[in-house]
Amino acid sequence: MNGSRPWWQSAVIYQIYPRSFQDTNDDGIGDLNGITQRLPDLIDLGVDAIWISPIFRSPMKDFGYDISDYVDVDPIFGTMADFERLIAEAHARGIKVILDFVPNHSSDQHAWFLESRASRTSAKRDWYIWRDPAPGGGPPNNWLSEFGGSAWEFDAATGQYYYHAFLNSQPDLNWRNPEVVAAMRDVLRFWMRKGIDGFRVDVIWHLIKDRQFRDNPPNPNYHAGRPPNEALIPLYTTDLPEVHDVIGTLRRTVDEFPDRLLIGEIYLPVERLVAYYGRDLGGVHLPFNFALLSARWDAKHLQALITEYEGALPKGGWPNWVLGNHDRPRIAGRVGQRQAAVAAMLLLTLRGTPTIYNGDELGMPQVDIPRHRVRDPFERNVPGIGVGRDGCRTPMQWDSSRNAGFSRVDPWLPLADDWRSNNVANLREDALSILNLYRRLLRVRKERPALSLGSYRPYVVDEDLLAYYRELNDSRLLIVLNLTDGPQALKLEEGAHARILVSTEAKRDGDLVKGTVTLAGDEGLVIDMASR
Ligand code: TEU
Ligand code: CA
């Protein structure tokens, strides 16, 4: 707790995609001991918590988001002892550990599903979603998988279909079944007893499907080039009102242990997203806010998006922001290397809890993956329209040694071309690097509670500049972001004696400014407006 505040309100979370973080047993795949080995680098960066994508036993059809044992570590990532050591080492350094919880679906290799599919009268038949074929034969209704094709897989042995929102090797669990809910609550307790500090819940808005299995309606805005499932509006397969009841149950489970955090992965427009804070804030603490992932990168649009989000939050709902994750093209690939520094300043100075995606602190690029190296089932099933996720999952770039220090053997995915120069060791030595910008911003966040806990107030926005105050007690910081590649000027309030705390240009840190401040192209400033 930060005074009366829970730790996760002032914390900065760092998402680790473990397959691509650090390999320590020469199989070209990152592992738990690799994360433990890299804890000193995370301390040096200045993050407070790590969220690790799934490390559980899995056939790896969706690289861990298809779990075959919820309470065991997959040998590819190491042993339970390796996990327990990681927890101990992280906690010894004051770093919290958040695990990925994937309750919507298991692997088709999970013992529960093997029992469920064994017979129509199996005790676990109703742990999954089985339906008879439609009257004329074929799938029960028109529901589509997010990874292409029908969301129904026919099981000849029992003559029924099972539902899978994703791969047919990821059968959806039936969250209307109290036995499923009880089993999953025990999974949460198992890991919290191991000492973990919270969960990021995968596709939490999918958990409840329509009781009547009604066809989803057509999406009038669908156009070719979008994933095929978007031809339908997921009205009867996601975001159903009853989902908030099961989420409340998950939250009550997490609340059985002190100071635990629940984050929900939810791709919904803001006005629907905020419902996931729950009635009386009994939902998830942080419904992930993905608005910046697809935002048009211009000042007015960003300002409107921030205002809409701040205005939609329920009383007491704590905000959060992300720039990237393991499913979306990297920020540097979306806005370019120089604006990626401005985006870093935006992420780390907006109100609420930020999550950094591993590698974005290096400005890692979105990587074009050659066809013969594609691993992502989404790209394999829905090729050529750019939904592939391998390009944002390439190995972390630590130094200029073989394979960027990630592994001593060829990695499971190719490295980005820039790894020899763009790596932690090199950027650490370059005062002007984006890595050192992240480090400076994370340090200033710790020194200035106005950034981590203060209020947000827009200052000005025009076509080119986005500026806002962050204030707490007598501390008043002005953040000014130049979203253009040319110089821009901003008039400060009359008589202000101000000092630059952080510039994306580094060399201006500490400069006094008054009257009008000029920003270079692609420059961002954190200005202390109350400096003497
Ligand atoms: O991703 C869900 C997800 O990002 C998409 O289904 C999203 O709903 C869609 O693109 C609409 O924008 C989570 C995991 O992050 C991902 O890695 C898994 O593959 C997926 O769920 C299945 O577990
Ligand atoms: Ca390994």
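The values are calculated or read from the model by the stated rules, or taken from the named source; none is laboratory data. Computed from a prediction, not measured in an experiment: that's the story for all the values here. Note that each Cβ is placed from the backbone with ideal geometry, even for glycine, and that neighbours are counted across all protein chains shown. We work out accessible area using only protein heavy atoms, side chains counted, and drop any ligands, DNA or RNA first. Shrake-Rupley method; radii C 1.70, N 1.55, O 1.52, S 1.80 Å.
General remarks:
- Taken over region 125-158, the criterion of being over 32 Å from the mean Cα position of the chain (by Cα), open to solvent by 40 Å² or more (accessible area, probe 1.4 Å) and closer than 25 Å to residue 61 by Cα is satisfied by 131, 139, 154, 156, 157.
- Here residue 275 clears all of (1) surrounded by fewer than 21 Cβ atoms within 10 Å (Cβ to Cβ); (2) within 16 Å of ligand 1 (Cβ to nearest atom) except the condition numbered (2).
- Within region 283-297, the presence of a residue that is open to solvent by 30 Å² or more (accessible area, probe 1.4 Å), touching a residue at least 12 places away in the same chain (Cβ under 8 Å), assigned by TED's automatic domain parsing to the domain that holds residue 99 and more than 24 Å from residue 15 (Cα to Cα) is excluded.
- Taking the conditions (1) closer than 30 Å to residue 7 by Cβ; (2) of a type outside the set (D, E, K, R); (3) open to solvent by 20 Å² or more (accessible area, probe 1.4 Å); (4) under 19 Å from the mean Cα position of the chain (by Cα) in turn, residue 357 satisfies each one other than (3).
- The criterion of at least 3 residues that are among the aromatic types (Phe, Trp, Tyr) is met, among strands (runs of 3 or more DSSP E) falling completely within region 131-219, by 160-163.
- Hits in region 376-416 (condition: of a type in the set (D, E, K, R) and in contact with a Phe, Trp or Tyr (Cβ under 7 Å, 6 or more places away or on another chain)): 389, 393
Matching residues to (1) within 26 Å of the chain's Cα centre (by Cα); (2) more than 27 Å from residue 42 (Cβ to Cβ); (3) charged (D, E, K, R):
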position	(1), (2), (3)
438	yes, no, no
447	yes, no, yes
450	yes, no, no
460	no, yes, no
471	no, yes, yes
481	yes, no, no
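- Filtering region 457-470 to residues that are open to solvent by less than 40 Å² (accessible area, probe 1.4 Å) and either hydroxyl-bearing (Ser, Thr, Tyr) or free of Cβ contacts under 8 Å to residues at least 40 places away in the same chain (or both) leaves 467, 468, 469.
- Of 521, 486, 454, 495, all but one fail to be on the phi > 0 side of the Ramachandran plot, surrounded by fewer than 22 Cβ atoms within 10 Å (Cβ to Cβ) and not hydroxyl-bearing (Ser, Thr, Tyr); the exception is 495.
- Helices (runs of 4 or more DSSP H) contained entirely in region 421-504, each with at least 3 residues that are among the aliphatic types (A, V, I, L, M): 424-428, 434-447
- Checking each residue in region 505-519 for being over 35 Å from the mean Cα position of the chain (by Cα) and assigned to a loop (DSSP other than H, G, I, E, B) picks out 511, 514, 515.
- Evaluated against (1) within 11 Å of ligand 2 (Cβ to nearest atom); (2) over 21 Å from residue 322 (Cα atoms); (3) of a type in the set (Lys, Arg), residue 38 falls short on exactly one condition, (1).
- Selection of region 1-28 for residues being open to solvent by 10 Å² or more (accessible area, probe 1.4 Å) and either under 15 Å from residue 89 (Cα atoms) or more than 11 Å from ligand 2 (Cβ to nearest atom) (or both) yields 1, 2, 3, 4, 5, 6, 7, 8, 9, 10.
- Per the listing 292, 273, 286, the residue uniquely touching a Gly at 6+ places or on another chain (Cβ under 8 Å) and under 25 Å from residue 342 (Cβ atoms) is 286.
- Enumeration of residues in region 264-307 that are under 16 Å from residue 248 (Cβ atoms) and not hydrophobic (A, V, I, L, M, F, W, C): 264, 276, 277, 278, 279, 280, 282, 283, 285, 287
- Only one of the numbered conditions (1) at pLDDT below 95; (2) closer than 24 Å to residue 389 by Cβ is violated by residue 4, and that is (2).
- Search result, residues across region 362-379 that are part of a helix (DSSP H, G or I) and either touching a Pro at 6+ places or on another chain (Cβ under 7 Å) or crowded, with 23+ Cβ neighbours inside 10 Å (or both): 362, 373
- In region 29-55, the residue that is farthest from ligand 1 (Cβ to nearest atom) out of those that are open to solvent by 10 Å² or more (accessible area, probe 1.4 Å) and farther than 28 Å from residue 445 by Cα is 33.
- A count restricted to region 60-79 and to residues that are more than 16 Å from ligand 2 (Cβ to nearest atom) and either part of a helix (DSSP H, G or I) or crowded, with 20+ Cβ neighbours inside 10 Å (or both) stands at 6.
- Verdict on residue 404 being within 16 Å of ligand 2 (Cβ to nearest atom) and not in a loop (DSSP other than H, G, I, E, B): yes
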